[in-house]
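Throughout, read-outs are computed from the coordinates displayed, never taken from laboratory work. None of the values given here were measured: they were computed from a predicted structure. Using ideal geometry, Cβ is built from the backbone for each residue, glycine included, and neighbour counts are taken over all protein chains shown.
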Amino acid sequence: MDREHRLKRLRFRAWHRGTREADFMIGGFFDRYSNGWNDEQIGWFEALMNEQDVDIMAWAIGTLPVPDRWAGDMMGAMQRLDYIPIAR
């Protein structure tokens, strides 16, 4: 699958998580950072999309410790994201 198709598929998955809060957090993170991702970072995000929303959100806001598998620069960026523009 080519890069463009992978990112298009990931964008859909990031914005259709099941709750509005997860959509905004995960989808907003995707929109903010995905243009600069390399193949390894895309793979990391693809794998993260298989985790439960409540876990992803808890790791991102710091209410649960981040498992070693997800710790690193990408999760750090998700934890620092403090504003997501929302179209009205």
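For beta carbons closer than 8 Å, sequence separation of 6+ or different chains, a first residue in segment 32-43 that is over 13 Å from ALA77 (Cα atoms) and a second that is surrounded by fewer than 15 Cβ atoms within 10 Å (Cβ to Cβ), the qualifying pairs are ASP39/ARG3; ILE42/ARG3. Elements of the type helices (runs of 4 or more DSSP H) sitting completely within the chain and holding at least 1 residues that are in contact with a helix residue (DSSP H, G or I) (Cβ under 7 Å, 6 or more places away or on another chain), on the phi < 0 side of the Ramachandran plot and charged (D, E, K, R): these cover 3-15, 39-48, 53-61.
Taking the criterion of being under 27 Å from GLU4 (Cβ atoms), out of contact with any Phe, Trp or Tyr (no Cβ under 6 Å at 6 or more places or on another chain), of a type in the set (Val, Ile, Thr) and loosely packed, with under 11 Cβ neighbours inside 10 Å, would at least one residue in segment 79-87 satisfy it? Yes, the conditions are met somewhere in segment 79-87. Filter segment 49-72 down to residues that are among the small types (Gly, Ala, Ser) and surrounded by 13 or more Cβ atoms within 10 Å (Cβ to Cβ) and give me whichever is nearest to ARG9 (Cα to Cα). Within segment 49-72, the match that is nearest to ARG9 (Cα to Cα) is ALA60.
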